[in-house]
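Quick notes on the structure that follows.
The values are calculated or read from the model by the stated rules, or taken from the named source; none is laboratory data. Quick caveat, the model's predicted, so the values are computed rather than measured. Cβ placement follows ideal geometry from the backbone for every residue including glycine, while neighbour counts extend to all protein chains displayed.
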């Protein structure tokens, strides 16, 4: 009843409230955040924190000129002019989740918004922000890259909606400055409810900021009364984002569901920023998966369902070396990894058959070059929050050996990626090319070659709304793959909105186009985005050329709803037309579902990896 009351409270709040925390965007202020700080500077002087630093000379580090041509220069690093100055005081300003925003901290929420923010949400504790989320402390010298990275990491944290770091200059001394950190949480409780009847349903509750400590706790149950494999399922996942100021994350998974059983413990520390020199991970666990596969048996396309279970361990360690003292973004990364898989249940395996189910121990080593930076933007995958777009490139080379029950074999792989904003405000382009294969007795086994490209246009205004265009093109080519080890172009792998095992092969070519209109309207506090899509794909098995295969197609329209201040998934309503997809009951398909917001690929180098066929 408590959670039902919370949901009703939100609906009531947004029906009677005339404005939301996104009023600044809805009222036409849809320009880059970088040019909005002239007004923020004036408003902060009236805030509580502003009174604490009364008498100081406030100067924000972002652009106060609305000339959009200057934004690219400002984005290089707005903290550069404070390089080497000493941090005096660090002030933490925590905004209510409803009402104000980091762009308008003085906006007051109505009574219901204030009640919801204070009564049903634990704001992230200041001690957690200071001890676990900040890369700097009082007395440190300002490192411009560290402050810029820290602002991005705050925004990337799933419990934080948006964040800003501002510099407060002192009048009495020029070599000391104070730092103001502004954060705004998201509503931490997320519900996952689905089902068609009391005999077929799922219910889950996740608190992503348990008691304001930043910890995440997810509990979910499922009931499938008519399922021949498993009727009752459950999962519980507990995550500690950072232990102290180590930036080491810990997670425990306990899952017992129809398609997945997993018990695991995992600690990891990625290369969070270009200032991170050491990273690594350790995971131990047991997993059981119900595999769904297609196979030609006696000339008939047959469906197979079989359990696969195994114990596994996976550990890696990496170190980053700075290549250029004048450019902190350039790094050389070396890493080593060991993984082990011991199967308890699996299909038949032989020396030339079902290699993906072999018992194996793999050692990998990689050397990679990375050059990465970030440019702030918005209305890409978000609905008004600041988004950090990675720009840069990487090149990595991986070598390794695998000890299996059928002997040893070697592995070699290579990866290249590049992403940048195109000149003359023509949008953003990303390219990823990679190749990898096992080698035994001078012959290739389970190889793959892939090229993926992604583009989004600049943000264009249509009346009071704004639009972007998105294009994805991908080519994947499998080399000497086994029959149960194949590609599929259903769903996120190519043709959105369908799931057909008939769309399979060892090579594929996909094209996706999506036009998104971000409306200035909202529905009970949820921003609305309308979209139209076109998905095309070719896929073929090894005995057929790709260009000779059928062109599978999907066309459709829909809308997405998201409130960035809630942890709820993005709700999506979609109507699609699929004229030639096999094994579906109708060419027209209607769907309502929820999905996590997508993220742009970064240029950080992590664990040495066997390139998967996907």
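The residue list 328, 322 contains one member that is in contact with a helix residue (DSSP H, G or I) (Cβ under 9 Å, 6 or more places away or on another chain) and assigned by TED's automatic domain parsing to the domain that holds residue 347, which is 328.
Can you confirm whether residue 226 is modelled with pLDDT under 95, in a loop (DSSP other than H, G, I, E, B) and either more than 24 Å from the chain's Cα centre (by Cα) or over 26 Å from residue 160 (Cα atoms) (or both)? Answer is yes for this residue. For region 129-168, filtered to residues that are in a strand (DSSP E or B) and out of contact with any helix residue (DSSP H, G or I) (no Cβ under 8 Å at 6 or more places or on another chain), the residue that is surrounded by the most Cβ atoms within 10 Å (Cβ to Cβ) is 161.
Check region 372-379 and report whether any residue there is modelled with pLDDT under 95 and assigned to a loop (DSSP other than H, G, I, E, B).
Within region 372-379, one or more residues are modelled with pLDDT under 95 and assigned to a loop (DSSP other than H, G, I, E, B).
Of all residues in region 211-234 being without any contact (Cβ under 8 Å) to a residue 24 or more places away in the chain and in contact with a strand residue (DSSP E or B) (Cβ under 9 Å, 6 or more places away or on another chain), which is farthest from residue 197 (Cα to Cα)? That would be 217. Among the criteria (1) on the phi < 0 side of the Ramachandran plot; (2) in contact (Cβ under 8 Å) with a residue 40 or more places away in the chain; (3) surrounded by fewer than 14 Cβ atoms within 10 Å (Cβ to Cβ); (4) within 24 Å of the chain's Cα centre (by Cα), the one residue 241 does not fulfil is (3). Assess whether residue 272 counts as being in a strand (DSSP E or B) and in contact with a strand residue (DSSP E or B) (Cβ under 9 Å, 6 or more places away or on another chain). No: the conditions fail for residue 272.
Looking across region 170-215, the residues that are closer than 30 Å to residue 140 by Cα, in a strand (DSSP E or B) and under 23 Å from the mean Cα position of the chain (by Cα) come down to 182, 183, 184, 185, 209, 215.
Per the listing 113, 126, 138, the residue uniquely at pLDDT below 85, over 20 Å from residue 272 (Cβ atoms) and not assigned by TED's automatic domain parsing to the domain that holds residue 276 is 113.
For region 439-462, taking the residues that are at positive phi and free of Cβ contacts under 8 Å to residues at least 24 places away in the same chain, the one that is surrounded by the most Cβ atoms within 10 Å (Cβ to Cβ) is identified as 441. Evaluated against (1) over 17 Å from residue 311 (Cα atoms); (2) touching a residue at least 40 places away in the same chain (Cβ under 8 Å), residue 261 falls short on exactly one condition, (1).
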